[in-house]
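Okay, so here's the structure we're looking at.
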Amino acid sequence: MHFSDYAGYDGLGLAERLRSGDVSAAELMDCAIARADAIQPELNAICYPRYEEARKCAATAKLEGAFGAIPFLLKDSGLASTFLEGSVGSRLFAGMRSSTNATLTERFEASGLQSFARTTVPELCMAPTTEAIANSGPTRNPWDLSRSAGGSSGGAAVAVATGVVPLAHGSDGGGSIRIPASCCGVYGLKPSRGLVPFGPHRGEGWGGLAADGVLSRTVRDTAAALDGIAGTDLGAPYAAPSKPRSYLADLSRPFDRPQKIVRWTEAWDGIGIASVCQVATDSAADKLRALGHEVVDAPPPGIKFAKFLDAMIDVMAASVTLTVNGYLRSHPKIVASEALEPAILDAFERGKNISAETYGLAINRFHALGRTLAFYMEEYDFILTPTLTQPPVPLGQFSMAEDFVTFRRKIGSYTTFLAIINASGQPAASLPLHRTDAGLPIGIQLIGRFGDESGLLRLSAELERDAPWANVRAVP
């Protein structure tokens with residue numbers, strides 16, 4: 001199978017070819033690995049490859065789930081896999097192994113998604129750009145090599161945008177699926193809190209901010225992936241509302257009335273929004289109106305955004321301390337100061353001094369924000385925002401050489417509309433509906449009510465049918 005043929009199909013399309021006998025799982029794996037090898041020197045999106053072992057697995061693969069046996073990539077986010085090592089983008093955790101799979105890893109496999117490597121991330125997934133020292137250089141944007149691919153699922157977005165795989169695992173604790181989806185021109189949905197399992201090794205990530213999902217070229221691939229991975233696992237501390245019979249089947253179901261969508265016309269604390277990002281939301285609003293929906297302009301609800309950023313910084317720093325100390329106890333000869341990048345080392349030290357009251361207040365701020373947004377959305381079905389306040393940033397703009405607080409506050413002015421939705425637990429997606437005159441992708445974000453992935457996917461599919469994006473592929 002030639003790459004041009006392979007890349008012309010989304011994941012479900014490749015599965016159809018497999019089931020018809022037109023192509024084998026081994027041929028698909030060969031295409032994916034060849035493409036990964038082709039993009040890696042320039043874009044640096046792949047880590048911990050197991051190519052030969054994956055070829056052997058593909059040669060004997062049985063067709064399972066919606067995707068049969070197609071190539072797939074796991075993010076280097078710490079998701080447990082007995083097949084793939086990892087490091088969470090950190091020299092401290094290099095070559096980390098797991099003796100058991102995460103529940104999500106097993107659900108990916110049961111869906112017919114065959115992992116053959118991991119994708120690059122920033123250290124401990126704590127940046128909106130993927131430039132970890134552990135990766136021996138930055139992960140570059142395939143549309144402009146001088147710019148960031150986004151983060152923390154930067155490698156995953158590059159792999160999807162360049163056709164290595166039609167969909168890839170991502171995770172999102174403050175925008176980490178939606179940021180790289182916007183930067184690289186692919187579709188990225190962050191599910192509602194509790195919809196996708198964290199077990200059995202973990203209960204939550206970052207005080208409930210984190211969620212796992214996929215990045216894809218088509219909405220239907222994301223819908224089919226959710227069909228396979230969504231659902232509470234045993235002992236989970238959170239649970240989203242019951243999922244429908246099938247997200248994929250729901251894509252063809254029309255809305256029973258025009259949807260009311262509020263477009264946020266400003267950000268908090270005077271944070272500026274680049275004109276090209278405003279133009280992208282203007283264009284999306286026009287498309288939604290043309291589809292028969294109602295779009296109204298209004299400011300976002302009043303929240304103390306700087307206080308929210310402080311709460312997020314405290315929770316993330318506490319998470320770094322918990323993670324690093326847990327590892328150091330079993331690896332006493334390792335010196336953290338020699339293995340962590342400056343911003344993460346600072347977070348590690350800062351986290352040691354966070355009081356129980358400070359941590360509890362941070363969690364309460366998250367919960368209060370969730371209440372505020374839930375009441376706000378009683379009047380609306382969806383919220384429309386730019387995904388990011390600026391186009392993809394130049395490499396080096398967000399530097400881990402700074403202290404953690406300065407680093408994260410700068411990020412807050414770039415990802416302003418993202419992390420608040422991690423705090424509220426709502427589903428949100430970045431759609432690749434716009435590009436600059438130079439061809440850089442600019443995403444728009446749609447935010448749904450808690451638990452309404454079905455509606456969010458249906459609205460995304462309407463926009464995709466109106467302005468198809470799947471065949472706009474980056475070819476470095």
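Any residue in region 395-405 that is under 20 Å from the mean Cα position of the chain (by Cα) and surrounded by 17 or more Cβ atoms within 10 Å (Cβ to Cβ)? Among the residues of region 395-405, at least one is under 20 Å from the mean Cα position of the chain (by Cα) and surrounded by 17 or more Cβ atoms within 10 Å (Cβ to Cβ), which makes the answer yes.
Within this structure, Gly439 passes the test of being more than 22 Å from His367 (Cβ to Cβ), in contact (Cβ under 8 Å) with a residue 12 or more places away in the chain and in a loop (DSSP other than H, G, I, E, B).
Taking every residue in region 400-414 that is aliphatic (A, V, I, L, M) and pairing it with any residue that is outside any helix (DSSP H, G or I) and buried (at least 16 other Cβ atoms within 10 Å of the Cβ), at least 6 positions away or on another chain, the pairs with Cβ-Cβ distances below 7 Å are Met400/Ala127; Met400/Glu341; Ile411/Pro128; Ile411/Phe398. Being of a type in the set (S, T, N, Q), modelled with pLDDT of 95 or more and outside any strand (DSSP E or B) is a property that holds for Ser182. With respect to Asp381, determine if the residue is touching a strand residue (DSSP E or B) at 6+ places or on another chain (Cβ under 7 Å), touching a residue at least 24 places away in the same chain (Cβ under 8 Å) and acidic (Asp, Glu). Against the criterion (touching a strand residue (DSSP E or B) at 6+ places or on another chain (Cβ under 7 Å), touching a residue at least 24 places away in the same chain (Cβ under 8 Å) and acidic (Asp, Glu)), Asp381 qualifies. Residues of region 320-330 include at least one that is of a type in the set (D, E, K, R) and surrounded by fewer than 18 Cβ atoms within 10 Å (Cβ to Cβ). Going through region 97-129 one residue at a time, which ones are assigned to a helix (DSSP H, G or I) and among the aromatic types (Phe, Trp, Tyr)? Matches in region 97-129: Phe108 only. The criterion of being touching a residue at least 40 places away in the same chain (Cβ under 8 Å), in a loop (DSSP other than H, G, I, E, B), more than 30 Å from Leu145 (Cα to Cα) and among the small types (Gly, Ala, Ser) does not hold for Ala15. What do you reckon, is Gln426 among the polar types (S, T, N, Q), over 30 Å from Arg257 (Cβ atoms) and either in contact with a Leu (Cβ under 8 Å, 6 or more places away or on another chain) or part of a loop (DSSP other than H, G, I, E, B) (or both)? In short, no. Among what's in region 250-268 and is of a type in the set (Asp, Glu) and surrounded by 12 or more Cβ atoms within 10 Å (Cβ to Cβ), pick the residue that is nearest to the chain's Cα centre (by Cα). Filtering first and then ranking leaves Asp250. Candidates in region 344-374 are the residues that are of a type in the set (Gly, Ala, Ser) and under 10 Å from Val320 (Cβ atoms); of these, the one that is surrounded by the most Cβ atoms within 10 Å (Cβ to Cβ) is Ala347. Residues in region 347-360 that are farther than 11 Å from Ile313 by Cβ, within 27 Å of the chain's Cα centre (by Cα) and not aromatic (Phe, Trp, Tyr): Gly360 only.
So that you can scan it fast, the table gives a plain yes or no per residue for (1) closer than 20 Å to Ser146 by Cα; (2) out of contact with any Ser or Thr (no Cβ under 8 Å at 6 or more places or on another chain); (3) modelled with pLDDT under 95:
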| site | (1), (2), (3) |
| --- | --- |
| Gly360 | no, yes, no |
| Glu379 | no, yes, no |
| Phe382 | no, yes, no |
| Thr406 | no, yes, no |
| Arg409 | no, yes, no |
| Ile420 | no, yes, no |
| Arg435 | yes, yes, no |
| Leu446 | no, no, no |
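Can you say whether Leu234 is at pLDDT 95 or above and out of contact with any Cys (no Cβ under 9 Å at 6 or more places or on another chain), as far as the supplied structure shows? No; evaluated as a whole, the condition is false for this residue.
In region 444-476, the residue that is nearest to Val276 (Cα to Cα) out of those that are of a type in the set (A, V, I, L, M, F, W, C) and in a strand (DSSP E or B) is Ile444. Number of residues in region 9-52 that are in contact with a strand residue (DSSP E or B) (Cβ under 7 Å, 6 or more places away or on another chain) and among the polar types (S, T, N, Q): the value is 2.
The values are calculated or read from the model by the stated rules, or taken from the named source; none is laboratory data. These numbers were taken from a predicted model, which means no experiment stands behind them. Quick reminder, even Gly has a Cβ in these numbers, built from the backbone with ideal geometry, and neighbours come from all protein chains shown.
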